[in-house]
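The values are calculated or read from the model by the stated rules, or taken from the named source; none is laboratory data. Predicted model, so just to flag it, every value in this text is computed and none were measured. Quick reminder, even Gly has a Cβ in these numbers, built from the backbone with ideal geometry, and neighbours come from all protein chains shown.
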Amino acid sequence: MCGIVGVVGFGDKKQELIDGLKLLEYRGYDSAGVAVAKDGRIEVVKRKGKIAVLERALGRADLHATVGIGHTRWATHGAPSDANAHPHLDCKRRFAVVHNGIIENYLPLKEELLAKGHKFTSQTDTEVIVHLFEELYDGDMFSTLEEVVSRLEGAFALCLISSEEPERLVAARKGSPLVIGMAEDKYIFASDITPILRYTKKVIYLDDYDLVDCSPSRLRITNRGRGKEIKIDEVSWDISQAQRCGHPHFMLKEIHEQPGVIRRLLALHVKDGKVVFPELEGIDPLSVSRLYVVGCGTAYHAGLVGRYVFERIAGLPVEIDVASEWRYRDLVLDPQGMCLAISQSGETADTLAAVERFKDLGIRTVAVCNVVGSSLTRMVDATILTHAGIEISVASTKAYIAQLTILYLLALYIAQLRGRDISGYLQEFDAVPSAVSVVIENKAEYQRLAKHHHHFGSFLYLGRNLDYPTALEGALKLKEISYIPAEGYPAGEMKHGPIALIDEYRAVVCIATDSFIYDKMFSNIEEIKSRRGKTIILASAGNERIGKEMKEVVYVPKVHELFSPIVNIVPLQLFAYYVAVMRGCDVDQPRNLAKSVTVE
Ligand code: AGP
């Protein structure tokens, strides 16, 4: 959560910082601020609200300077307010800091600093950093930073500037992401690479315990007191991926990109009728006795689909839990098992902590991740990239489709290694991107459905077997962007309690595409109908019977039932999108949420 940006190199910091923050706004958007070191003092402007509010407040301010820092916040300690917005200043306003993460020992530090006479102006944990810096300042920003960081517990990525040394920015990373872009005339510090892309594709991914000393003429990085060789990576992402390209929202744009994402991954991993995963070179998949799948939210739902797929086509046992549970369980593990961690951002704190536990217990770890160079990719034994491109909308769509595609391919790969014939499955897989395109072309149908249902006060989403996770994911999409209570449920469980909820005011989305379990699902729908629930049914094209017997049936192209989760989630994404638009919600930046959940 929270996005930080810093720029070193003379220029208009107002523009540079605001442009950068806009690209990081998806990480948090309850308040924002910027600071520059200029004319012997720190100029700071910060406001509650989105970046647009800050931009208006900055008006015509002249922020030409050599160093500047900015922040967009997702509140943890202290409600969203001007005072709690970053950057935070010390008592004499000589230093300014922006921070992403949580300082866990901020209370004892604050007490200590208060006793020494420091005056605090916010309720944040972050403010202790800058007062501690003031307390320990020895005339040199870098050596002071070393001292300060040695006193901090918890997670942090931070950038700090000083009016005493207005050409210098110091930064530190432990547990929260920070990347440096190396452009010709400036260094750009940011929580992810998107603000950097407009200047350069050359980046340095910082590691935990890295400390950075940066001025226009020099960049120095140390780790645990030792100088570190600077490793520059070249990123392939393009800045156009961070633009809406004519779509009203990033979410709709990203939904449209999904067929291309599946095609790209199939082209990368299927060669001459065989599934290939060069990424797994150092791992012998045949020695893997079971998978321990870890993820949060949408990534967890992808893993749930994966469980059915691995079991069915590869005969591989799968255990799955949300990362926030894995990390605190008393794990009884098979040493031959392997942890498969799924994450779009690669920065989700719970997922990282769960993976750390598997590593501590000597279990092999593989990441399925969208962000090159993210923390997750740098802690695991191997990474399979999902290549979905930058995902900006807080509600994940194309990253989910990419995760599913990789999990299917991985299951097919293991099945192939186990000597199973996968050629039929591969043929069926080829038809999936076009089926997804057909659903998207039919978006007016989901707009119509949304028009008829956006006033419902609550929704149930039902599915069975492979489409039970689809029900969970469809419900998550609806609740996170439209704020309508929505619950996903395995349809067979309804009779054990939730059916009591059904009446004429309950909208029930039923996933009933063709599968071996279709008849059972149909009976469950009958049970809802006879209790006057308002059903919306997703069925396979050609199923005329259901169209005759039920109202509000929408059809999706028929694909092999194994692949139905990849197709069936798309109508639910579109439905949630249009409901949110009709309710006037902020689709790409829903309230209370942030794209990367980098705190526990
Ligand atoms: C999805 O729409 C959510 N915004 C959220 O559940 C997300 O999938 C979750 O926070 C995990 O994020 P990650 O994939 O970046 O780890």
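Among the conditions (1) of a type in the set (Phe, Trp, Tyr); (2) assigned to a strand (DSSP E or B); (3) free of Cβ contacts under 8 Å to residues at least 40 places away in the same chain, Phe156 misses just one, which is (3).
Look at (1) aliphatic (A, V, I, L, M); (2) closer than 27 Å to Leu593 by Cβ; (3) in contact (Cβ under 8 Å) with a residue 24 or more places away in the chain and you find that Leu63 fails only one, number (2).
Yes/no per residue for (1) part of a loop (DSSP other than H, G, I, E, B); (2) touching a strand residue (DSSP E or B) at 6+ places or on another chain (Cβ under 7 Å):
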residue	(1), (2)
Ala37	no, yes
Val44	no, yes
Arg47	no, yes
Thr72	no, yes
Thr76	yes, yes
His86	yes, yes
Lys92	yes, no
Val97	no, yes
Asn100	no, yes
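Contact map, the stretch 388-413: first residue over 20 Å from Gly3 (Cα atoms), second residue among the hydroxyl-bearing types (Ser, Thr, Tyr) and more than 11 Å from the ligand (Cβ to nearest atom), Cβ cut-off under 8 Å, separation 6 or more or different chains; pairs are Leu412/Tyr425. Under the condition of being closer than 30 Å to Leu572 by Cα, of a type in the set (Asp, Glu) and either over 18 Å from the mean Cα position of the chain (by Cα) or at pLDDT below 95 (or both), the residues counted in the stretch 221-274 number 1.
Is it the case that some residue within the stretch 350-359 is in contact with a Ser or Thr (Cβ under 8 Å, 6 or more places away or on another chain), more than 12 Å from the ligand (Cβ to nearest atom) and at negative phi? For the stretch 350-359, residues in contact with a Ser or Thr (Cβ under 8 Å, 6 or more places away or on another chain), more than 12 Å from the ligand (Cβ to nearest atom) and at negative phi: present.
Being surrounded by fewer than 20 Cβ atoms within 10 Å (Cβ to Cβ) and either under 24 Å from Cys585 (Cβ atoms) or of a type in the set (Phe, Trp, Tyr) (or both) is true for just one of Tyr505, Tyr489, Tyr446. Which residue is that? Give the derivation first.
Values: Tyr489 fails: surrounded by fewer than 20 Cβ atoms within 10 Å (Cβ to Cβ); Tyr446 fails: surrounded by fewer than 20 Cβ atoms within 10 Å (Cβ to Cβ).
The conditions single out Tyr505.
For the stretch 293-312, residues that are farther than 15 Å from Pro565 by Cα and away from the ligand (no atom under 16 Å from the Cβ) total 1.
Pairs are defined by a Cβ separation below 9 Å, a sequence spacing of at least 6 or placement on different chains, a first member in the stretch 334-346 that is of a type in the set (S, T, N, Q), and a second member that is near the ligand (Cβ under 7 Å from one of its atoms) and assigned to a strand (DSSP E or B); the pairs so defined are Ser343/Gly295. It is to be established whether one or more residues within the stretch 409-418 are within 16 Å of the ligand (Cβ to nearest atom), over 26 Å from Ile232 (Cβ atoms) and not acidic (Asp, Glu). For the stretch 409-418, residues within 16 Å of the ligand (Cβ to nearest atom), over 26 Å from Ile232 (Cβ atoms) and not acidic (Asp, Glu): absent. Which residues, taken from the stretch 324-341, are at pLDDT 95 or above and either buried (at least 24 other Cβ atoms within 10 Å of the Cβ) or closer than 24 Å to Val275 by Cα (or both)? Across the stretch 324-341, the qualifying residues are Gln336, Gly337, Met338, Cys339, Leu340, Ala341. Beta carbons closer than 7 Å, at least 6 apart along the sequence or on distinct chains, pair a first residue in the stretch 473-489 that is more than 17 Å from Gly295 (Cβ to Cβ) with a second that is of a type outside the set (Phe, Trp, Tyr) and within 8 Å of the ligand (Cβ to nearest atom) for Ile481/Ala395.
Selection of the stretch 221-247 for residues being assigned to a loop (DSSP other than H, G, I, E, B), over 25 Å from Thr405 (Cα atoms) and touching a residue at least 12 places away in the same chain (Cβ under 8 Å) yields Arg224, Gly225, Lys228, Ile230, Lys231, Ile232.
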